[in-house]
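Here the structure is laid out as structure tokens; the discussion comes afterwards.
Every read-out reported here was derived from the displayed coordinates using simple, explicitly stated rules and does not represent laboratory data. Everything numeric here is computed off the predicted structure, so don't read it as measured data. Because the Cβ atoms are built from the backbone with ideal geometry, glycine has one as well, and the counts that use them run over all protein chains shown.
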Amino acid sequence: MIVDDSAVVRGMVSRWLDARADIVVVAMAVDGLQALKKLEEHEIDVCVLDIEMPNMSGLEALPKLLALRPRLKIIMASTLSERGAEITLRALSLGATDFIPKPSTSRIGGAEAYQRDLIEKIVQLGRRHTPAIERPIKSYLTSKTEPVLAPPPVRNDPRPSRKVRLEALVVAASTGGPPALREVVSGLGAHWRGPILIAQHMPQGFTRALAQMIGRVTPMTVKEGEHGEPVTDGVIYIAPGGFHMIVERGRDGTPTIQLNQGPEVHWCRPAADPLFISAAEVWGGAVAGMVLTGMGHDGRDGARALTERGGPVLVQDEASSVVWGMPGSVIHAGVPAEIHPLSALAPQFLQWTRVGTA
């Protein structure tokens, strides 16, 4: 279902989607009130929901739509503005599945990237859920050639056979990432005071709002990374939208943040792979990686780089992920990582840090 008060947008998007054999547009609505009626009349898997609409806005309609159809996947169509970013993050906290920055009505016809991203999100989110099968689970402490087979989640209280002294944590996230990041950071609480560096797929302007949202659930300082600033304990650095964020050793040996606008990686900037690979080079086995829910395979190569240097990697399990693309790609590539449900990721990481500092 497409919900937008602009006839131009509804017409353009419906033509894009109707051209796909795997997508059927079953309803269109001009506001939230009409969307509620349409939802009662049709079987709908995915809803593209505009935010700014008369009578009932997207933000007002969101909880009502989910009350009617709890399994409905809702993609918020957001304006590229500071206010749009704040509203979008609020929508994600209220249960929206994902969002997509919407170009102006006058430019939507030529927005190839918007068309590509929207179709990809709809296809991924519209797939019917099937029960997860048992998958190979490899601890970073076990042999790479002899994985331990078990269904997720893995052991409740794994005890590493050797000590790990962790200095930093790097995190990758995309679709479904903001709520997942909030839960992980909240779970770490005041127990972990090292730096955390996060690459969440978001456009410019949105990452500032993300930092503010995460900052409400942690005593740590949360901010967008700045070019040239030293990496400091007790700070969470969010890669700013439109920039890759990496880590390099400064002249005095201090890990320092570097930002660049190099080519997109996996259609993304920021991307997680550059961050993970640079962190592995700077900290070696003393940095842990975490790959959360998201489409695609960003974070896969970076996770491999971490484990090759002895660093542990955690991935979110399929059942708790909105999309198991990024975490699943790590496992399917044979990277020795541990799979855990979202609620267990922070406790497991803290278990490693306790072992490392015992």
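So here's what we get for this one:
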item	result
Mean shadow area of the chain over all directions, Cα convex hull, nm²	17.8 nm²
Gap separating the Cα centres of the stretch 16-90 and the stretch 242-295, nearest whole Å	34 Å
Per-pair calculated FRET efficiency, R0 = 22 Å: residue 221 and residue 351 via Cβ, rounded to 0.05	0.35
Rounded, prolate or oblate (a/c below 1.5 giving rounded, otherwise prolate when a/b exceeds b/c) for the stretch 154-306 by Cα gyration tensor	rounded
The chain: DSSP helices with Cα axial extent of at least 20 Å and average Kyte-Doolittle hydropathy no lower than -0.5	112-126, 342-357
Most to least packed among 14-22, 327-335 [average Cβ atoms within 10 Å]	327-335, 14-22
Extension reserve of the residue 281-residue 115 stretch, reckoned as 0.36 nm per residue once the Cα distance is removed	56.1 nm
Distance (nanometres) between label positions extended 7 Å along Cα→Cβ at residue 81 and residue 64	2.3 nm
Other-chain or far-sequence residues with amide H under 5 Å of residue 204's (modelled H)	242
Extended-chain gain in nm, criterion 0.36 nm per residue less alpha-carbon gap, residue 94 and residue 14	26.2 nm
Pairs from 73/102; 73/223; 37/121; 37/64; 37/73; 38/73 whose Cα-Cα separation, in the structure shown, is over 22 Å	73/223; 37/121
At R0 = 22 Å, FRET efficiency that the Cβ-Cβ distance of residue 212 and residue 190 yields, to 0.05	0.65
